[in-house]
Amino acid sequence: MASKPLKTETRGRVAILTLNRPEALNALNSELMNEVCDAVAKYSADEKIGAIVITGSEKAFAAGADIKEMQDQTYMDVFMSDFFARWNEVAYARKPTVAAVAGYALGGGCELAMMCDFIIAADNAKFGQPEITLGVIPGMGGSQRLTRAVGKAKAMDLCLTGRMMDAEEAERSGLVSRVVPADELLETAIGAAEKIANFSLPAVMMAKESVNRSFEVPLDEGLRFERRLFHSLFATEDQKEGMTAFVEKRKAGFKHR
Ligand code: CO8
């Protein structure tokens, strides 16, 4: 029996989704998309889970959308099925998501990582949007999220030449939040997720929503949105607990986790 293309496990309040198609360097096919999106929906709705880590193998986070699945598709096929639109569900997850990237994160793999709230990279990670070498362009956000993350010059360079950038360049460019040795990647990502998962969940979700909002609206609207969310958190017990714990010089015990 073929092994499952996605492995899922939980550690405390963290769900870990591991892309598992080693024979294809975790190329993203429709089955894997559905499994990842189902898992993200399931764990987002699970009150015992406070954060989700998405990872791959040491050789590849994901080497792109599955070229063999796409090869013979026609315009009508991809248009009528709105091919791969479902991946957006990862970007719209309300619970925080962390991408732990080792090895190749190319094409759809880079785009999936960018749908997560932030990326922690192993020192062997390689990012790129090589679609141009296949006669197409990025289709899951590569020309949009990458440009917002690294700016026009670098995004154009990557999308037009199809070259890869290593972890050091990715961190320098603002695509990844941290680079760690490959053998520490998963523990670092789970540690970050665990930390997030133990804060007040409404505050975490609002922080995520507010940062994401900055990409959608003018500054003044974004500032107003942030301020209103900030005000609303004073309706939570966790605001009282967090501030009282600080004043009493003890660790906060958040209730809404
Ligand atoms: N799709 C399918 N199979 C793949 C893919 C892929 N993206 N990448 C690797 N594989 C397979 C190979 O075919 C090979 O299988 P087999 O042994 O059966 O031939 C196996 O994985 C191992 O790969 P290699 O032998 O090539 O391994 P190397 O270590 O020599 O090379 C590379 C690694 C450099 C990563 C190389 O595999 C490569 O270039 N892969 C393709 C990278 C790429 O072009 N990715 C972009 C794909 S297009 C895309 O992602 C578009 C997304 C947007 C879609 C949204 C639509 C709306």
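Got the relative contact order for the stretch 100-219 handy, in percent, Cα pairs under 8 Å and 6 or more residues apart? Intermediate values should be presented prior to the final figure.
Working: 172 pairs, mean separation 33.8, N = 120.
With pairs under 8 Å counted, the relative contact order is 28 percent.
Can you give the longest stretch of the chain with no exposed loop site, where a site means GluC sites (Glu not before Pro) in a DSSP loop (not H, G, I, E or B) with at most 15 other C-beta atoms within 10 Å? Display every interim value, and only then the final one.
Numbers: sites that count: Glu47, Glu58, Glu216, Glu248.
Result, exposed sites excluded: 59-215.
Using the Cα gyration tensor of the stretch 6-197, with a ≥ b ≥ c the square roots of its eigenvalues, what is the shape: rounded (a/c below 1.5), prolate (a/b larger than b/c) or oblate (neither)?
Oblate shape, in that a/c is at least 1.5 and b/c is the bigger or equal ratio.
Please build a GNM for the chain, connecting alpha carbons under 10 Å apart, and tell me which residue among Ile132, Ile54, Ile196 fluctuates the most.
Taking springs between Cα atoms under 10 Å, the residue moving most is Ile132.
Within the set Lys95/Lys251; Lys4/Lys154; Lys7/Lys48; Lys48/Lys249, which residue pairs have Cα atoms separated by over 26 Å?
Violating the 26 Å limit, Cα to Cα: Lys4/Lys154; Lys48/Lys249.
Net charge near Thr8: determine it from the other residues with C-beta under 14 Å of the C-beta of Thr8, scoring Lys and Arg +1 and Asp and Glu -1. Write out the running numbers ahead of the final one.
On the way: positive: Lys4, Lys7, Arg11, Lys42, Lys48; negative: Glu9, Glu35, Asp38, Asp46.
Residues close to Thr8 contribute a combined charge of +1.
Once Lys and Arg get +1 and Asp and Glu get -1 on their Cβ, which of Phe84, Ile120, Leu146 lies farthest toward the positive end of the dipole of the chain?
Comparing the listed Cα positions along the dipole, Ile120 ranks first.
Rounded, prolate or oblate: pick one for the stretch 200-248, where a ≥ b ≥ c are the square roots of the eigenvalues of its C-alpha gyration tensor, a/c under 1.5 means rounded, and failing that, prolate if a/b is larger than b/c, else oblate.
Prolate, because a/c is 1.5 or more and a/b exceeds b/c.
Among rounded, prolate and oblate, which fits the stretch 86-217 when a ≥ b ≥ c are the square roots of the eigenvalues of its C-alpha gyration tensor, a/c under 1.5 means rounded, and a/b larger than b/c means prolate?
oblate
If you average the sequence gap of Cα pairs under 8 Å that are 6 or more apart and divide by the length of the chain, what percent do you get for the contact order? Please list the in-between numbers first.
Details: 470 pairs, mean separation 43.5, N = 257.
Contact order relative to length: 17 percent.
Just the accessible area per residue of the stretch 152-257, please: how many Å² with a 1.4 Å probe?
For the stretch 152-257, the solvent-accessible area averages 64 Å² per residue.
For helix 219-232, what angle does its Cα long axis make with the longest principal axis of the chain, in degrees from 0 to 90 and rounded to 10?
Roughly 50 degrees, rounded to the nearest 10.
Scan the stretch 129-168 for trypsin sites (Lys or Arg not before Pro) in coil per DSSP, keeping those whose Cβ has at most 16 other Cβ atoms within 10 Å, and list them by number.
Arg163
The values are calculated or read from the model by the stated rules, or taken from the named source; none is laboratory data. Values in this document were obtained by computation on a predicted structure and should not be read as measured data. Here the Cβ is made from the backbone with ideal geometry for all residues, glycine too, and neighbour counts use every protein chain on show. Just so you know, the surface numbers come from the protein's heavy atoms only, side chains and all, with ligands and any DNA or RNA stripped out. Shrake-Rupley method; radii C 1.70, N 1.55, O 1.52, S 1.80 Å.
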